[in-house]
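S.K.: Take a look at the following structure, please.
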Amino acid sequence: MKAIFLESALLLLVYASVWFVLSVLKKRNDIADIAWGVGYVLICLYHLATKPAHPVVVVCYALILFWGVRLSLFIYLRNSNKPEDFRYAQWRKEWGSSFYLRSFLQVYLLQAFFLFVIISPVLFAASFSQSEWSVYSTVGVLVWVVGFYWQSVGDHQLRQFIQTRKSKEDVLQTGLWKYTRHPNYFGEVTMWWGIYLIIFPLSGSLFFIVGPVTITLLIRYVSGVPMLERRYRDNEAYKVYKTNVPALFPRFRR
């Protein structure tokens, strides 16, 4: 098991370094958002190509590949021909002369660390030579499907809204966005809990609940909801929206 984790850590270190170099050449750090999904794809493909795989881990690989490719392609198309994302642009101003060092450490290396932690349940599953499919695994796939629906549909609804809105001050409050302020983030969290349920029957899996817990806390309290909503702190319509709609977990009302 140690070998799988060590190989993955080294691979992610190289991966983060390559994307950092690309960010310097392209002069935009928001390519890190594209690297997020691709990193999971890389880890899954590497282990699928180099190690025997049992049904449980193959399903995890397949779901992560599908999610990672869709997400990274969506972000690439969204950011094409646009200025650097405001969050990264702000850091570019704030970090001054230490910008490159902090970019490598706080954007790319830190992202690789969290990626490693979040995918750890799958790495754990990959360390087993065999496994049996269980009811937990089936439930996990269904949970993942629910999460994928919320993320992909939420992204689609947001993209349509941005293309048709009359003002940048307008706030999307229809579709999935009337149940949660961030249906796409809720979808991502849900998918990782689904992945964890798939591998849950494996002996020793309880420790690796750290994976879905980490992505949940990151999105809700660190790099997801808080950072994005700073952009709307002076938007009066968004202030009203916040009082009526929860940040992450949906609330269904009649």
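S.K.: If you scan the stretch 198-212, which residues turn out to be in contact with a helix residue (DSSP H, G or I) (Cβ under 9 Å, 6 or more places away or on another chain), open to solvent by 40 Å² or more (accessible area, probe 1.4 Å) and part of a helix (DSSP H, G or I)?
M.R.: Answer for the stretch 198-212, where residues must be in contact with a helix residue (DSSP H, G or I) (Cβ under 9 Å, 6 or more places away or on another chain), open to solvent by 40 Å² or more (accessible area, probe 1.4 Å) and part of a helix (DSSP H, G or I): Phe207, Ile209, Val210.
S.K.: If you go through the stretch 221-243, how many residues are open to solvent by 70 Å² or more (accessible area, probe 1.4 Å) and farther than 19 Å from Ala32 by Cα?
M.R.: Number of matching residues: 10.
S.K.: Assuming Gly68 fulfils every condition listed in (1) of a type outside the set (Ser, Thr, Tyr); (2) touching a residue at least 60 places away in the same chain (Cβ under 8 Å); (3) within 27 Å of Gly194 (Cα to Cα); (4) buried (at least 17 other Cβ atoms within 10 Å of the Cβ) apart from one, which condition is it?
M.R.: (2)
S.K.: Name, by its number, the condition in (1) out of contact with any Leu (no Cβ under 9 Å at 6 or more places or on another chain); (2) in contact (Cβ under 8 Å) with a residue 12 or more places away in the chain; (3) over 18 Å from Tyr100 (Cβ atoms) that does not hold for Leu42.
M.R.: All conditions are met except number (1).
S.K.: Of all residues in the stretch 4-21, which are open to solvent by 50 Å² or more (accessible area, probe 1.4 Å) and within 19 Å of the chain's Cα centre (by Cα)?
M.R.: Leu13
S.K.: Quick check on the stretch 80-100: of everything there that is over 19 Å from the mean Cα position of the chain (by Cα) and among the aromatic types (Phe, Trp, Tyr), which residue is most open to solvent (accessible area, probe 1.4 Å)?
M.R.: That would be Tyr100.
S.K.: Return the only residue of Leu77, Leu42 being open to solvent by 20 Å² or more (accessible area, probe 1.4 Å), out of contact with any His (no Cβ under 8 Å at 6 or more places or on another chain) and farther than 19 Å from Ala3 by Cβ. Don't jump to the end; show me each part of the working.
M.R.: Numbers: Leu42 fails: farther than 19 Å from Ala3 by Cβ.
The unique qualifying residue is Leu77.
Conditions (1) of a type in the set (S, T, N, Q); (2) open to solvent by 20 Å² or more (accessible area, probe 1.4 Å); (3) touching a residue at least 40 places away in the same chain (Cβ under 8 Å), marked per residue:
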position	(1), (2), (3)
Arg102	no, yes, no
Phe114	no, yes, yes
Leu123	no, no, yes
Val143	no, yes, yes
Gly187	no, no, yes
Tyr196	no, no, yes
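S.K.: A further question follows. Here are some residues: Leu172, Leu176. Which one is buried (at least 17 other Cβ atoms within 10 Å of the Cβ) and part of a helix (DSSP H, G or I)?
M.R.: Values: Leu172 fails: part of a helix (DSSP H, G or I).
Only one candidate passes the filter, namely Leu176.
S.K.: Could you please find all residues in the stretch 81-137 being closer than 30 Å to Leu202 by Cβ, outside any helix (DSSP H, G or I) and not aromatic (Phe, Trp, Tyr)?
M.R.: Matches in the stretch 81-137: Ile119, Ser127, Ser129, Gln130, Ser131, Glu132, Ser134.
S.K.: Moving on. Within the stretch 119-172, track down each residue that is aromatic (Phe, Trp, Tyr) and within 13 Å of Ile198 (Cβ to Cβ). If you could, list the steps in order and put the result at the bottom.
M.R.: Step one: filter the stretch 119-172 for residues aromatic (Phe, Trp, Tyr), giving 124, 128, 133, 136, 144, 148-150, 161.
Answer for the stretch 119-172, where residues must be aromatic (Phe, Trp, Tyr) and within 13 Å of Ile198 (Cβ to Cβ): Phe124, Phe128, Trp133, Tyr136, Trp144.
S.K.: Taking the stated definitions as given, is Gly147 under 13 Å from the mean Cα position of the chain (by Cα) and either of a type in the set (Ser, Thr, Tyr) or crowded, with 17+ Cβ neighbours inside 10 Å (or both)?
M.R.: Here the answer is yes, as Gly147 does meet what is asked.
S.K.: Identify the single condition in (1) surrounded by fewer than 17 Cβ atoms within 10 Å (Cβ to Cβ); (2) without any contact (Cβ under 8 Å) to a residue 60 or more places away in the chain; (3) closer than 30 Å to Ala9 by Cβ that Glu132 does not satisfy, given that it satisfies every other one.
M.R.: Against the list (1) surrounded by fewer than 17 Cβ atoms within 10 Å (Cβ to Cβ); (2) without any contact (Cβ under 8 Å) to a residue 60 or more places away in the chain; (3) closer than 30 Å to Ala9 by Cβ, Glu132 comes up short only on (2).
S.K.: Look through the stretch 1-30, keep the residues that are at pLDDT 95 or above and of a type in the set (Val, Ile, Thr), and return whichever of them is farthest from Asp85 (Cα to Cα).
M.R.: Val14
S.K.: Tell me, which residue of the stretch 7-35 that is β-branched (Val, Ile, Thr) and without any contact (Cβ under 8 Å) to a residue 60 or more places away in the chain is farthest from Tyr88 (Cα to Cα)?
M.R.: It comes out as Val14.
The values are calculated or read from the model by the stated rules, or taken from the named source; none is laboratory data. Owing to the predicted nature of the structure, the values given are computational and were not obtained by experimental measurement. We place every Cβ from the backbone using ideal geometry, glycine too, and count neighbours over all the protein chains shown. Each accessible area value is taken on the protein alone, full model and side chains, heavy atoms only, with ligands, DNA and RNA left out. Shrake-Rupley method; radii C 1.70, N 1.55, O 1.52, S 1.80 Å.
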